[in-house]
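I have placed the structure first, in the form of structure tokens, so that the comments after it can refer back to it.
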Amino acid sequence: MSENMTPELTLNPTEADVAVPELTLDPTAVAEAPQEKQVEPVALDDKLLTEQEKKAVEEFAKKIDITDTNLVLQYGAAAQKSVAGFSENALSNVRSKDLGEVGADLSELVVQLKGFGSGEEKKGLAGLFRKAGNKIESMKAQYGKVEANVDRIAQSLEKHQITLMKDIAMFDQMYELNLKYYKELTMYILAGKKRLEEVRAGQLEELRVKAEQTGLAEDAQAYNDMVNLCNRFEKKLHDLELTRMISVQMGPQTRLLQNNDTQMVEKIQSSLVNTIPLWKSQMVLALGMEHGRQATAAQNAVTEMTNDLLKKNADALKMGTIATAKESERSIVDIETLQHTNQQLISTLDEVLAIQQEGAAKRKAAEAELGRIEGELKQKLMELHK
């Protein structure tokens, strides 16, 4: 980290510098780009080796003959082929693996689990008593169907899990092999550089001095040939360094592939040991709760009906009791009836008296009229005999 990016420490928070933004009227002004962190290159030297490996490099460097064209061509080739084969195996493993099938199975599992119990409930008292038994049977049938699909998916996931666990173990082996190839390439490169440095400092320098001293063409050609041999060997070492860099990159790449498989195994494991058993236990609870809910609903319906009957009976009892009380308190003959009867009796007596009086008057008048008629008849009879 550069000095200007080092934070300033203080024991007094009020003294801490506050970053004030710099204002500008120039819209084209570009903010100063943050300084990139300096990366320290890794030095390829014998510090990467153990003491035993250093001794092996020392002994092997003495055997290198850079004037042997075939040796230069084959130098480190075995390690390069091993890295190439390693890369091909890793690529083949990635190509042959279809994690999409695992994702499809997990997605289908989610769909199956979410789809259970999504139907609408029948509401109403009549629907409660008519549909209660059918709903339980429907839930059981639906649960059985979903359970069969879930078990099928679980079996498929278990197969994927076994395959992935084998791949994880294989990646461990590949990583260890890559470390071996990496160390082997490092030792080839260090041994080659050591030998190249010795040749350039010794034999090549002697040829140069000899060519300068003698001035002979063959000595100059010998020096030039040795320079070309050194350059060819140096290029070979550079090729080995490129291969070594590939091996360096293959390490984290292998771990990334292994980590992906590990995460997928963990997801599958969580689904098998947590999600699916939890779903099944929830379904058992759902069925039990449905039984309880229907029993409670039925009990509530009975309670409501009982309350309604009690209310109706109470109302009927009230009305009957009141009517009975009224009838019990009522006289056999109402006073109104007696009053009406008395009024009719008095009226009848008055009318009878009036009729009797009128009849007496008529009889009296009739008696007088009968006397007159009788007198008139007598008089007429007397007149006949005169």
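The values are calculated or read from the model by the stated rules, or taken from the named source; none is laboratory data. Keep in mind it's a predicted model, so treat the numbers as computed, not measured. Neighbour counts are summed over all protein chains in view; Cβ atoms, including those assigned to glycine, are modelled from backbone coordinates with ideal geometry. Quick note on the areas: whole protein, heavy atoms, side chains included, nothing else; ligands and nucleic acids left out. Shrake-Rupley method; radii C 1.70, N 1.55, O 1.52, S 1.80 Å.
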Open item on the list: I'd like to verify a number: residues in region 228-282 that are touching a residue at least 12 places away in the same chain (Cβ under 8 Å) and closer than 25 Å to Gln80 by Cβ, how many?
Closed with: 22
TODO: Scan region 156-168 and give yes if some residue there is in a helix (DSSP H, G or I), touching a helix residue (DSSP H, G or I) at 6+ places or on another chain (Cβ under 9 Å) and within 18 Å of Glu88 (Cα to Cα), otherwise no.
DONE: yes
- [ ] Find all pairs meeting these conditions: Cβ atoms under 7 angstrom apart; at least six residues apart or on different chains; first residue within region 68-79 and open to solvent by 20 Å² or more (accessible area, probe 1.4 Å); second residue not β-branched (Val, Ile, Thr).
- [x] Leu71/Asp65
Task: Answer from Val265, Val248 - the residue that is of a type outside the set (S, T, N, Q), in contact with a helix residue (DSSP H, G or I) (Cβ under 8 Å, 6 or more places away or on another chain) and surrounded by fewer than 17 Cβ atoms within 10 Å (Cβ to Cβ) - done: Val248
Task: Verdict on Leu177 being surrounded by 14 or more Cβ atoms within 10 Å (Cβ to Cβ) and not polar (S, T, N, Q) - done: yes
Open item on the list: Which pairs turn up if I take residues in region 141-163 that are over 16 Å from Ser281 (Cα atoms) and look for partners that are among the basic types (Lys, Arg) and modelled with pLDDT under 75 with beta carbon separation below 9 Å, at least 6 apart in sequence or on another chain?
Closed with: Thr163/Lys97
Task: Subset of region 157-170 (residues that are buried (at least 17 other Cβ atoms within 10 Å of the Cβ) and either modelled with pLDDT under 80 or closer than 16 Å to Val273 by Cβ (or both)) - done: Leu157, His160, Gln161, Leu164
TODO: Please find, among Asn231, Asn259, the residue that is within 18 Å of Tyr75 (Cα to Cα) and either touching a Gly at 6+ places or on another chain (Cβ under 7 Å) or assigned to a helix (DSSP H, G or I) (or both).
DONE: Asn231
Open item on the list: Among the residues in region 328-349, are any among the small types (Gly, Ala, Ser), at pLDDT 75 or above and closer than 30 Å to Lys159 by Cα?
Closed with: no
